[in-house]
Amino acid sequence: MRITKTFAETRTATAGRVGLVPTMGFLHEGHLSLIEAARDGSDTVVMSLFVNPLQFDRDSDLAKYPKDLERDVDLAAAAGADIVFAPEADEMYPGEQLTRVNVNRLSDEMEGPNRPGHFEGVATVVAKLLAGIQPDRSYFGRKDAQQLAIVRRMVSDLSFPGEVLGVPIVREAEGLALSSRNIFLSVEERAAALTLSRGLLAAGDLAEAGERDAGRLIAAVLVEIGTAPDISLEYVTLASQELVQPLDELDRPAFLAVAAWSGGTRLIDNVHFDGDEAGFVADRGSRLKTKSILYGGEG
């Protein structure tokens, strides 16, 4: 395992087919699944670790984002990473940052209005990572469904070489989608948050049984969330995987996404629908069998 601090040092340290896993650190099993996927398809696996200030719309959220470099390096090495690229801010953003990347239309819905500037920050930092490291493949979690679609479109529109691969969600044993922010949930807030995944998985069952009406799929999620009055809902939306446009009917590859607050913690989750009108399969992700490493478990 090698820790690098600059793009030039990182490029020099790679060989063969390069797989990139971009992260902001404080790793959990979702991140480790990305590293493992990259390990299967790469000669050199690079995990970047940089808490990107451009993608935070709240200074308080940035300030409390958990950080533990030593822990993350050990976990990344055990999962199969060869290099951890952990740059300082002046390596990522030398001087005044005058150039930003904005992917229109795909940023307009769901997370876009709720997190102004977020996707511009994401697209900018990912563009810099792709240009600076020059991977053959980059790996992103399907949990951030809109982000995955935006990165794919940016790579296509700007003719970046290499592939962008999406990896299924990893869930805690009870079904909650893994997120570094889960550590902030109280026992009561966690119980309420489980209504998000229960609703999405119920909608997945409906779609696989032949339901195609977006309103009915969304209603399945709302029924579950309605059992937890302390949840503050931002949206439930069925959107196309390619262009992230809201759909009235499940008639193409899509995802059903939800965002909500449980106490002071904002959570997102989704279920992807892969296939076509002849039949859709819901990607429910995988579940841990033990307590997450976020809480001191062994994964």
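The values are calculated or read from the model by the stated rules, or taken from the named source; none is laboratory data. Everything quoted here is computed from the prediction, not taken from an experiment. Methodologically, a virtual Cβ is constructed for each residue, glycine included, from the backbone with ideal geometry; neighbour enumeration extends over all protein chains shown.
Annotations
- Some residue of the stretch 238-247 being free of Cβ contacts under 8 Å to residues at least 24 places away in the same chain, in contact with a Pro (Cβ under 8 Å, 6 or more places away or on another chain) and not β-branched (V, I, T): yes
- Unique match (being modelled with pLDDT of 95 or more and under 17 Å from E109 (Cα atoms)) among A239, A202, A219: A239
- Lone qualifier among R252, R212, R216 - being over 18 Å from the mean Cα position of the chain (by Cα), surrounded by 15 or more Cβ atoms within 10 Å (Cβ to Cβ), more than 30 Å from D74 (Cα to Cα) and without any contact (Cβ under 8 Å) to a residue 60 or more places away in the chain: R252
- Among the residues of the stretch 186-204, those identified as under 29 Å from F280 (Cβ atoms), of a type outside the set (A, V, I, L, M) and out of contact with any Gly (no Cβ under 6 Å at 6 or more places or on another chain) are T195, R198, G199, G204.
- From P113, P168, P135, residue being free of Cβ contacts under 8 Å to residues at least 12 places away in the same chain and either not assigned by TED's automatic domain parsing to the domain that holds L250 or not hydroxyl-bearing (S, T, Y) (or both): P113
- Among the residues examined, A228 qualifies as among the small types (G, A, S) and not in a strand (DSSP E or B).
- In the stretch 277-299, the residues that are closer than 15 Å to L176 by Cα reach residues that are at pLDDT below 85 and loosely packed, with under 12 Cβ neighbours inside 10 Å with C-beta atoms within less than 7 angstrom, at least six apart or across chains, in these pairs: T290/E298.
- Of note, G19 does not satisfy the criterion of being under 29 Å from G264 (Cβ atoms) and either touching a residue at least 60 places away in the same chain (Cβ under 8 Å) or assigned by TED's automatic domain parsing to the domain that holds V125 (or both).
- Scanning the stretch 231-243 for residues that are among the charged types (D, E, K, R) and assigned to a strand (DSSP E or B) yields one hit, E234.
- If the condition is being of a type outside the set (S, T, Y) and surrounded by fewer than 16 Cβ atoms within 10 Å (Cβ to Cβ), then the stretch 223-232 contributes V223, G226, P229, D230.
- For the stretch 278-285, the condition of being touching a Gly at 6+ places or on another chain (Cβ under 6 Å), modelled with pLDDT of 95 or more, part of a strand (DSSP E or B) and surrounded by 14 or more Cβ atoms within 10 Å (Cβ to Cβ) holds for at least one residue.
- Any hit, the stretch 34-50, residues being touching an Asp or Glu at 6+ places or on another chain (Cβ under 9 Å), of a type in the set (S, T, Y) and closer than 23 Å to F119 by Cα: no
- Residue match in the stretch 174-183 (condition: modelled with pLDDT of 95 or more and β-branched (V, I, T)): no
- The stretch 94-109, subset touching a residue at least 24 places away in the same chain (Cβ under 8 Å) and over 21 Å from the mean Cα position of the chain (by Cα), residue surrounded by the most Cβ atoms within 10 Å (Cβ to Cβ): Q97
- A search for C-beta distances below 8 Å between a residue of the stretch 183-206 that is in the same structural domain as G226 (by TED's automatic domain parsing) and closer than 22 Å to L256 by Cα and any residue that is of a type in the set (S, T, Y) and surrounded by fewer than 19 Cβ atoms within 10 Å (Cβ to Cβ), counting only pairs 6+ apart in sequence or on different chains, returns A193/T265; T195/T227.
- Residue within the stretch 16-37 that is over 26 Å from S286 (Cα atoms) and either touching a Leu at 6+ places or on another chain (Cβ under 8 Å) or not hydrophobic (A, V, I, L, M, F, W, C) (or both) present: yes
- Any helices (runs of 4 or more DSSP H) falling wholly within the stretch 104-209 and containing at least 1 residues that are under 19 Å from F50 (Cβ atoms) and touching a Lys or Arg at 6+ places or on another chain (Cβ under 8 Å): 118-133, 145-157
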